[in-house]
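Let me begin by presenting the structure, written as structure tokens, before commenting on it.
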Amino acid sequence: MKRALVSGGSGGIGAAICRELSACGWEVIVHANANFARAAALAEELNAAGGRALAAQFDIADGPKTLGALATLLEAGPIQGIVHNAGIHDDAPMAGMSARQWHSVIGVSLDGFFNVTQPLLLPMLRTRWGRIVALSSVSGIVGNRGQANYAAAKAGLHGAVHSLALEIASRGVTVNCVAPGIIDTPMTAGLFDAARLAQLVPLQRAGTPQEVAGLVSFLMSEKAGYVTGQVVSINGGMA
């Protein structure tokens, strides 16, 4: 059974991805930082449903702590799937944005991708098979007012994914980005009424976490073996 680490696996989209991967036969490592109890409960749910899962807690913005946590996880064998889903918002117009706001968002989304992925690469490459998917955003494609930090972090992921895909394609490892638009999660609850959604989204509704998870699951599967170095949008036609 192949093992997959889902960073930010306790959140709305992350939990849907964990459930989908588990249903597809992956052993799932549900990562969390602040919400470890929720990650542990999800791992118990997946195990009770007949899958294999465990929860892990560490701050992916902290390189040394992440390295230590991953070393422990690797004791059980290589991790052949990575879904970098963790990310945070701290919005403000750049003229009023603090250095802390800039660096904290970059730290989780972009530095976190390096901190989680780099230590797992060599063990993965030795197996000559792997799947890496980073969760981006429509903001990383077209920008968004008040989100220069978030958009920069997500756009940075696009460059990292394009480059890493070229570096490791010969080893049978694919690397892709999934860029969601407005998704119906607790984080977006109450931000967009029906009229605003109709204005922003050609399909006139928010997406669901399950729709994002379905796309991620495909990119993590054998069927997507010829898809690499791509940024795949799932945004109802926004961009």
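Each of Pro64, Ala179, Ala195 was scored by the projection of its Cα onto the charge dipole of segment 3-234, and the greatest displacement toward the positive side belongs to Ala179; charges sit on the C-beta of Lys, Arg, Asp and Glu.
A simple spin-label model places pseudo-atoms 7 Å from Cα toward Cβ; at Glu222 and Glu75 they are separated by 3.3 nm.
So how do 65-71, 81-87, 19-25 stack up, highest first, on mean other-Cβ count within 10 Å?
81-87, 19-25, 65-71
If the reach is capped at under 17 angstrom between alpha carbons, list the aspartates and glutamates near Lys223, excluding any in the same chain fewer than eight residues apart. Qualifying aspartates and glutamates at Cα under 17 Å: Glu20.
Its Cα centre serving as origin, the chain has a Cβ charge dipole (Lys and Arg +1, Asp and Glu -1) of approximately 400 debye.
The modelled label-to-label distance for the pair Ser104/Ala48, using points 7 Å beyond Cα in the direction of Cβ, is 3.4 nm.
Helix content alone sets the calculated 222 nm mean residue ellipticity of the chain: runs of n ≥ 4 DSSP H residues at -39500 (n - 2.57) each, divided across all residues, give -13500 deg cm²/dmol. When each of the peptides 222-235, 203-216 is scored by the mean number of other C-beta atoms lying within 10 Å of its residues, the order from highest to lowest reads 203-216, 222-235. Rounded, prolate or oblate for the chain? Axes are the square roots of the Cα gyration tensor eigenvalues, ordered a ≥ b ≥ c, and the cut-off for rounded is a/c under 1.5. The shape class here is rounded.
Throughout, read-outs are computed from the coordinates displayed, never taken from laboratory work. The model shown is predicted, which means the values in this text are computed figures rather than measured ones. We place every Cβ from the backbone using ideal geometry, glycine too, and count neighbours over all the protein chains shown.
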